[in-house]
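Reading through the structure tokens given below for one structure.
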Amino acid sequence: MSNSDKHDISTEVSDKETQQKAKSLQASFMSGKINRRDFVATSMALGVSLAGATAVVSEVEAATPKQGGRLRIGITGGATSDVLDPGKILDAYMINVSMGQVRPNMTKINVDGSAGGDLAESWEPSNGAKTWKFNLRKGVEFHNGKTMDSTDVADSIRYHTIEANGSGGSGVVSGIASIKEDGKDAVIIELNEGNGDLPILLSDYHLNICPSKGDGNIDWESGIGAGAYTLEEHEPGVRTLTKKFANYYNTGNEGYFDEIETLGISDPTARLAALSTGAVDAINNVPQKTASRLKSMANVKTLISTGNKQATMPMLCDIDPYTDQNVRNAMKHIVDREELLDKIFFGYGELGNDSPVGPANYFRATTDELPQRQYDPEKAKYYLKQAGMSSLSVKFHAADTGFTGAVDAGALMRESAKAAGIDIEVVREPNDGYWSNVWMVKPWSACYWSGRPTEDWIFSQIYYSKADWNDTHWNNSGFDKLLVEARAETDEAKRRDMYVEMQRIVHTDGGLILPAFLSEIMGYRTNISVPGKIANNWELDGHLCSRRWWRA
């Protein structure tokens, strides 16, 4: 609740001295210094109406977390092929279950976008941000009763540096030279180059802390973590039930529900119906074209956050015809971005410019530095001619799990591409197994990313040539060199220049088509209390809704 939403009892009295007393009284009640009865009695003695005093009481009670009950989440991004391996987390379902409920990380993203401590309590950089000491919380307990120590943390991070494990987080930890235990309650991370973003990077949803097996490996198979909830029932991509962990380190401050039931509901109509009937308490990924329906549902509220979520259309640069930079640039010019934003995303977002650095990133290029790419079939023809072609036939593979409206977006592109002599066949793929069978497999497909808090993070995880999630199979040595140099640059102006240049390189040479940055549209029942400010790094309050929300 923002301050502007709160009732102010001082507005009910006229003289300045009484107004000041009323403000002080309200502040004392809201901070818990006086009880409800005394607040109401004193308010009325000052001349405040009973209705006004009661309104403040109701607001405070609504904002006070309550323990108990079950939160039922209807969520997208689940698949029957999902596994508990943190390195294999692919989408929203397992991000919410694993990082959000069962297995926290060393750090987390606060609602203001800063890095906050989770299983790590504090950290200290040195040696030009090449050496980092992370002090771990003492007495943290895993669900099996084992006390977490530095070996668990070190092995959990090392796991993602081992190539054979094929972790989706390998690009995030690629700058780590070593990680070692410093007693039982601290770890020291040595980087190849200085990187002031490390605490934020360690919040990546793959880097969950698991119990060590004692031989350098981690126990991910059991589903045991140190989170607010224990894994009780798990049918991958379909239904997961977790229960409150009595010995959670932060009990009393978060993790208010007794149980969390996560239901994989990929169909948007079914998701909205489940919310409307009360079968679930909260849903993510509300389609833009049906977002207005939330307003007409009884006992339902709309939740919108705007960050770096992006709809993308990756072209595989190692598969013809996309091996040719000219073909890639031709394809980028047949996309009518304004039409897609208006007709597919219903205005919920802003235009993209074939660079993954979004509106919430610090070093985003301005339109003067990187002019907005426009729909231009004549330029597309020019680039095709440069590639030795007069026409081109391609397939666009899409499903709604790629991004909502992806198939319809393909149909619009098919029409806008005709003027350039490009014929697009839209191939509708099944939602189930899409991330295993289509994304990074088919030459051109639909995808979405929730964005990343820092430029280095998104570049390292997706556009670095050796990243496991390099979903365009792009390899640009100049870009890779700048990526490493920018991490270690301490002069902010120089660092900005480097990141802007990297955005230009991706824009011009990469296999990325990024038509729009999208708003996160969610819905929840009025029987759930949501804090006034939520995180926008991921949907559903940074996927920490199970920890931060409570029953009204």
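Restricting the first member to the range 8-37 and to residues that are free of Cβ contacts under 8 Å to residues at least 24 places away in the same chain, and the second to residues that are outside any loop (DSSP other than H, G, I, E, B) and surrounded by fewer than 10 Cβ atoms within 10 Å (Cβ to Cβ), no beta-carbon pair is closer than 8 Å while six or more apart or on different chains. Here VAL484 fulfils each of the conditions (1) surrounded by fewer than 20 Cβ atoms within 10 Å (Cβ to Cβ); (2) farther than 30 Å from VAL83 by Cα; (3) in contact with a strand residue (DSSP E or B) (Cβ under 6 Å, 6 or more places away or on another chain) apart from (3).
Confirm whether ASP219 is more than 30 Å from GLU492 (Cα to Cα) and crowded, with 17+ Cβ neighbours inside 10 Å. Against the criterion (more than 30 Å from GLU492 (Cα to Cα) and crowded, with 17+ Cβ neighbours inside 10 Å), ASP219 qualifies. As a summary of the residue check, SER203 satisfies the conditions (1) crowded, with 23+ Cβ neighbours inside 10 Å; (2) under 19 Å from the mean Cα position of the chain (by Cα); (3) under 27 Å from GLY278 (Cα atoms) except for the one numbered (3). If the condition is being buried (at least 22 other Cβ atoms within 10 Å of the Cβ), outside any strand (DSSP E or B) and of a type outside the set (Gly, Ala, Ser), then the range 52-75 contributes only VAL56. Among the residues of the range 274-296, the ones that are crowded, with 16+ Cβ neighbours inside 10 Å and more than 13 Å from THR404 (Cβ to Cβ) come to 8 in all.
When we screen LYS295, LYS301, LYS309 for residues that are assigned to a helix (DSSP H, G or I) and within 25 Å of the chain's Cα centre (by Cα), the only hit is LYS295.
Listed by first and then second residue, the pairs linking a residue in the range 462-482 that is on the phi < 0 side of the Ramachandran plot and among the small types (Gly, Ala, Ser) to a residue that is at pLDDT 95 or above and not in a loop (DSSP other than H, G, I, E, B), with Cβ atoms under 6 Å apart and 6 or more places separating them unless they lie on different chains, are SER465/ASP480.
Within the option set GLY183, GLY169, being outside any strand (DSSP E or B) and touching a residue at least 40 places away in the same chain (Cβ under 8 Å) holds for one residue only, GLY169.
Take THR472 and decide whether it is assigned by TED's automatic domain parsing to the domain that holds PHE345, in contact with a Pro (Cβ under 8 Å, 6 or more places away or on another chain) and surrounded by 18 or more Cβ atoms within 10 Å (Cβ to Cβ). So THR472 fits the description; yes. Looking at the structure I just gave you, is SER212 touching a Cys at 6+ places or on another chain (Cβ under 9 Å) and in contact (Cβ under 8 Å) with a residue 24 or more places away in the chain? For SER212, the condition - touching a Cys at 6+ places or on another chain (Cβ under 9 Å) and in contact (Cβ under 8 Å) with a residue 24 or more places away in the chain - is not met.
The set of residues in the range 52-97 being more than 21 Å from LEU275 (Cα to Cα) and of a type in the set (Ser, Thr, Tyr) consists of THR54, SER58, THR64, THR80, SER81. Listed by first and then second residue, the pairs linking a residue in the range 128-139 that is under 20 Å from ALA177 (Cα atoms) to a residue that is among the hydroxyl-bearing types (Ser, Thr, Tyr), with Cβ atoms under 6 Å apart and 6 or more places separating them unless they lie on different chains, are ASN135/SER122.
Need the failing condition index for ALA419 against (1) more than 30 Å from TYR93 (Cα to Cα); (2) touching a helix residue (DSSP H, G or I) at 6+ places or on another chain (Cβ under 6 Å); (3) surrounded by 19 or more Cβ atoms within 10 Å (Cβ to Cβ), just the number. The one condition ALA419 does not meet is (3). Within the range 244-256, residues that are without any contact (Cβ under 8 Å) to a residue 12 or more places away in the chain and on the phi < 0 side of the Ramachandran plot have Cβ atoms under 8 Å from residues that are part of a loop (DSSP other than H, G, I, E, B) and among the acidic types (Asp, Glu) in no pair, counting only partners at least 6 apart in sequence or on another chain. Specify the residue that is surrounded by the fewest Cβ atoms within 10 Å (Cβ to Cβ); the eligible residues are those in the range 222-259 that are within 25 Å of the chain's Cα centre (by Cα) and hydrophobic (A, V, I, L, M, F, W, C). Selected residue: VAL238.
The values are calculated or read from the model by the stated rules, or taken from the named source; none is laboratory data. For clarity, every value in this text was computed on a predicted model and none was experimentally measured. Because the Cβ atoms are built from the backbone with ideal geometry, glycine has one as well, and the counts that use them run over all protein chains shown.
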